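A short write-up of the structure that comes next.
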Amino acid sequence: MFDFGVQLIEDTMRPKGRDICKRDVMPLVKDMKLRFPLSWQTRTLSLGKRIMHKTIHFESSFDASRLFHYICLNLSSYNVVKCDGRNGCLSRMMREMDTDGKQREIFHLVDFFYASHKNNLIAFSFAVYFFFIPHAHIIFAFEFFVLCRTEGESMDSFIHNGSSPYIQTISEKIMWVAETSMKDIIRSAAVNLRRDCLWEGFSHSNQSKCLIPIDSLHEMCQMSHTLSISGLSPQLSELLFDRMDKLEILWSNVLLAMKRDPVFSLSASFDDRVYLFYFKQEDLFLMIELNSSKGVEEIQILTRENPSENKLFTNSCNSIIDVITNWILHWLWNSL
């Protein structure tokens, strides 16, 4: 019965064609955990399969439900998939505005995720599926289920852990690997969600004197991908970093003109030294920092995604550089 249940879960989770089967297996996973507790599984030595459960606690400014919803919106970023079953527990009830302006209740039917990992471990292979949902009673915790099997080995066989003098059972090793992956997902989602919150705050700020503290800007920079203009465009770099002051550019006047030009959308300025401009179409920030002599210290482009991994972002960055270069040259020409 246990093997049949595990096989049923695996068959349900196995992709059918391009898409994963649209059945909700979470009730089955929970039922299997209750019917066959870990104590029973460990007593049955011949088992090559196991279902384990753990509550994973974490520290974050966002609760589990908020992180869960964020991961739902960014599945590919975390290499997880969702099962959109219609028979199981719901992650939450949400409200959405209808076209007539009335509120209607909708149910978000994403209950869990799974990730499949295959690896070689000593002389045998194992497959792991892990599922997680927000904990029903602990706001900063997830319920975490691991389903795993080995080929031709008992889950309680001992293995050496690399150069460590300690040994682990196969099930302990698998649980550690799966839990580490889960914690990486939580950690990454919390960082990215915080970055996106700051991103939204700055992108909707149109004040010359921003109320958001500069520490938040530094925090957003640390969580974003930053590209230095000097490394992207040597020609523009020559123009911007005129150390000998041959062009005699008053950058305070340049930035004043930029603030007034509709081409640029000023999001924030700090002490007339740091200026942040937002480009809505490209979803990029341009940050200009002046030094104590009011010359250009640094100009950076901030992106959410890594431009080197996304050709679209690379093209957007090049487009921004062209805009800046042409605008400054045009301003210099008009200033003659």
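The values are calculated or read from the model by the stated rules, or taken from the named source; none is laboratory data. These numbers were taken from a predicted model, which means no experiment stands behind them. Because the Cβ atoms are built from the backbone with ideal geometry, glycine has one as well, and the counts that use them run over all protein chains shown. Note: accessible area is taken over every heavy atom of the protein model, side chains too, but ligands, DNA and RNA are not part of it. Shrake-Rupley method; radii C 1.70, N 1.55, O 1.52, S 1.80 Å.
Kindly evaluate ASP215 against the criterion of being under 22 Å from SER267 (Cα atoms) and open to solvent by 50 Å² or more (accessible area, probe 1.4 Å).
Values: under 22 Å from SER267 (Cα atoms): yes; open to solvent by 50 Å² or more (accessible area, probe 1.4 Å): yes.
Against the criterion (under 22 Å from SER267 (Cα atoms) and open to solvent by 50 Å² or more (accessible area, probe 1.4 Å)), ASP215 qualifies.
If you scan segment 24-55, which residues turn out to be over 18 Å from PHE132 (Cβ atoms), at pLDDT below 85 and part of a loop (DSSP other than H, G, I, E, B)?
THR44, LEU45, SER46, LEU47, GLY48
Restricting to segment 270-317, count the residues that are under 15 Å from MET220 (Cα atoms), at pLDDT below 90 and buried (at least 19 other Cβ atoms within 10 Å of the Cβ).
Result for segment 270-317: 0.
Can you list residue pairs whose Cβ atoms sit under 7 Å apart, with the first residue in segment 174-203 being closer than 12 Å to SER77 by Cβ and the second being of a type outside the set (A, V, I, L, M) and in a helix (DSSP H, G or I)? Count only pairs 6 or more apart in sequence or on different chains.
Short answer, once both residue conditions are applied: ILE185/TYR78; SER188/TYR78; ALA189/TYR70; ALA189/TYR78; LEU193/TYR70.
For the subset of segment 269-281 comprising residues that are under 25 Å from the mean Cα position of the chain (by Cα) and part of a strand (DSSP E or B), which member is nearest to ILE328 (Cα to Cα)?
Going through segment 269-281, the residues under 25 Å from the mean Cα position of the chain (by Cα) turn out to be 276-281.
Filter once more, so that each one left must be part of a strand (DSSP E or B): 276-279.
Working: LEU276: 17, PHE277: 15, TYR278: 17, PHE279: 17 Å.
Within segment 269-281, the match that is nearest to ILE328 (Cα to Cα) is PHE277.
Determine the pairs where a residue that is without any contact (Cβ under 8 Å) to a residue 24 or more places away in the chain, located within segment 131-149, has a partner that is in a strand (DSSP E or B) with Cβ atoms under 9 Å apart, the partner being 6 or more residues away or on another chain.
Listed by first residue and then by second, the contacts come to ALA136/GLU143.
Since HIS204 meets every condition but one in (1) over 17 Å from GLU282 (Cα atoms); (2) surrounded by fewer than 15 Cβ atoms within 10 Å (Cβ to Cβ); (3) modelled with pLDDT under 90, which condition does it not meet?
Of the numbered conditions (1) over 17 Å from GLU282 (Cα atoms); (2) surrounded by fewer than 15 Cβ atoms within 10 Å (Cβ to Cβ); (3) modelled with pLDDT under 90, the odd one out for HIS204 is (1).
Residues that are within 25 Å of LEU211 (Cβ to Cβ) and at pLDDT 90 or above: does segment 245-256 have at least one?
Within segment 245-256, none of the residues are within 25 Å of LEU211 (Cβ to Cβ) and at pLDDT 90 or above.
Can you confirm whether segment 258-267 contains a residue that is in contact with a Leu (Cβ under 7 Å, 6 or more places away or on another chain), within 26 Å of LEU336 (Cα to Cα), open to solvent by 70 Å² or more (accessible area, probe 1.4 Å) and not in a helix (DSSP H, G or I)?
No, segment 258-267 contains no residue that is in contact with a Leu (Cβ under 7 Å, 6 or more places away or on another chain), within 26 Å of LEU336 (Cα to Cα), open to solvent by 70 Å² or more (accessible area, probe 1.4 Å) and not in a helix (DSSP H, G or I).
Pairs under 7 Å by beta carbon, first residue outside any helix (DSSP H, G or I) in segment 305-319, partner open to solvent by 50 Å² or more (accessible area, probe 1.4 Å) and hydrophobic (A, V, I, L, M, F, W, C), six or more apart or different chains?
none
Hey, does segment 294-303 have a residue that's touching a strand residue (DSSP E or B) at 6+ places or on another chain (Cβ under 9 Å) and of a type in the set (Gly, Ala, Ser)?
To start, the set of residues in segment 294-303 that are touching a strand residue (DSSP E or B) at 6+ places or on another chain (Cβ under 9 Å) comprises 296-303.
Among the residues that remain, those that are also of a type in the set (Gly, Ala, Ser) are: none.
No, that holds for no residue.
Out of (1) open to solvent by 40 Å² or more (accessible area, probe 1.4 Å); (2) part of a helix (DSSP H, G or I); (3) in contact (Cβ under 8 Å) with a residue 40 or more places away in the chain, what's the single condition that is false for ILE324?
(1)
Can you find even one residue in segment 86-97 that is at pLDDT below 80, within 24 Å of VAL128 (Cβ to Cβ) and surrounded by 17 or more Cβ atoms within 10 Å (Cβ to Cβ)?
yes
Take the residues of segment 125-143 that are over 19 Å from the mean Cα position of the chain (by Cα) and modelled with pLDDT under 85: which is nearest to LYS30 (Cα to Cα)? Steps first, answer last, please.
From segment 125-143, those over 19 Å from the mean Cα position of the chain (by Cα) are 125-129, 135-139, 143; that's our starting set.
Imposing the further condition that a residue be modelled with pLDDT under 85 reduces the set to 125-129.
Details: SER125: 26, PHE126: 22, ALA127: 19, VAL128: 17, TYR129: 14 Å.
Filtering segment 125-143 for residues that are over 19 Å from the mean Cα position of the chain (by Cα) and modelled with pLDDT under 85, the one nearest to LYS30 (Cα to Cα) comes out as TYR129.
Here are the criteria: (1) at pLDDT 90 or above; (2) open to solvent by 40 Å² or more (accessible area, probe 1.4 Å); (3) over 18 Å from PHE130 (Cβ atoms). Tell me which single one HIS160 does not satisfy.
So HIS160 meets the others, but not (1).
Does SER230 meet the test of being in contact with a helix residue (DSSP H, G or I) (Cβ under 9 Å, 6 or more places away or on another chain), part of a helix (DSSP H, G or I), of a type in the set (Gly, Ala, Ser) and modelled with pLDDT under 80?
Spelling it out, SER230 is indeed in contact with a helix residue (DSSP H, G or I) (Cβ under 9 Å, 6 or more places away or on another chain), part of a helix (DSSP H, G or I), of a type in the set (Gly, Ala, Ser) and modelled with pLDDT under 80.
Of all residues in segment 56-74, how many are touching a residue at least 24 places away in the same chain (Cβ under 8 Å) and in a helix (DSSP H, G or I)?
Initially, segment 56-74 is screened for residues touching a residue at least 24 places away in the same chain (Cβ under 8 Å), giving 56-72, 74.
From what's left, in a helix (DSSP H, G or I): 64-72.
Summing the residues that are touching a residue at least 24 places away in the same chain (Cβ under 8 Å) and in a helix (DSSP H, G or I) in segment 56-74 gives 9.
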